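S.K.: Quick one: structure below, then a few questions.
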Amino acid sequence: MRNSSYSKAKVLTLIPIIVFVVTVICMVLATVLEGPTHRGAIYSIFAFVWIISMFISPLPCLVLSILGTVFAAKASKDGSAKTPVFLILGIIEILIYVVGAILAVLMFIGGQSV
């Protein structure tokens, strides 16, 4: 029987990965569509989505990763066998999104001077 902390940890650590994958897919599609469409509407939509996602998503994803890691630690205390995978995944996500959040803040500060 799965406990509540395990399912919360699973969901909260997988959401940032899904956001990252969607961001990468939009970036690849915008890169592919840039040349043939000569900055058409489809290119603009994908470019807008991945740039905004790259700028805005690190902070919410960092919070979700921290919460997922906390729930994974709680579930591992309760004795769930598969929880260490999500605990390690959460720690890796935290490290990545801390760097992303710092870069987002630097882009915000640097963007004001342009």
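The values are calculated or read from the model by the stated rules, or taken from the named source; none is laboratory data. Note that the coordinates shown come from a computational prediction; the quantities given were computed from them, not determined experimentally. Please note: Cβ atoms are built from the backbone with ideal geometry, for glycine as well, and neighbour counts cover all protein chains shown. Just the protein is used for accessible areas: all its heavy atoms, side chains included, with ligands, DNA and RNA removed. Shrake-Rupley method; radii C 1.70, N 1.55, O 1.52, S 1.80 Å.
S.K.: Which residue is nearest to Pro16 (Cα to Cα), if the candidates are limited to the range 81-114 and must be small (Gly, Ala, Ser) and open to solvent by less than 30 Å² (accessible area, probe 1.4 Å)?
M.R.: Among those residues, the one meeting the criterion is Gly90.
S.K.: Which numbered condition in (1) under 16 Å from Leu14 (Cα atoms); (2) in contact (Cβ under 8 Å) with a residue 60 or more places away in the chain is the only one that Asp78 fails?
M.R.: Only one criterion in (1) under 16 Å from Leu14 (Cα atoms); (2) in contact (Cβ under 8 Å) with a residue 60 or more places away in the chain is unmet by Asp78, namely (1).
S.K.: Name every residue in the range 30-50 that is open to solvent by 80 Å² or more (accessible area, probe 1.4 Å) and modelled with pLDDT of 80 or more, in order of residue number.
M.R.: Result: Thr31, Val32, Ile45, Phe48.
S.K.: Among the residues of the range 1-29, which ones are open to solvent by less than 40 Å² (accessible area, probe 1.4 Å), of a type in the set (A, V, I, L, M, F, W, C) and under 26 Å from Val105 (Cβ atoms)?
M.R.: Leu12, Cys26
S.K.: Would you confirm, using the coordinates I've provided, whether Ala73 is open to solvent by less than 80 Å² (accessible area, probe 1.4 Å), over 18 Å from Ile18 (Cβ atoms) and not charged (D, E, K, R)?
M.R.: In short, yes.
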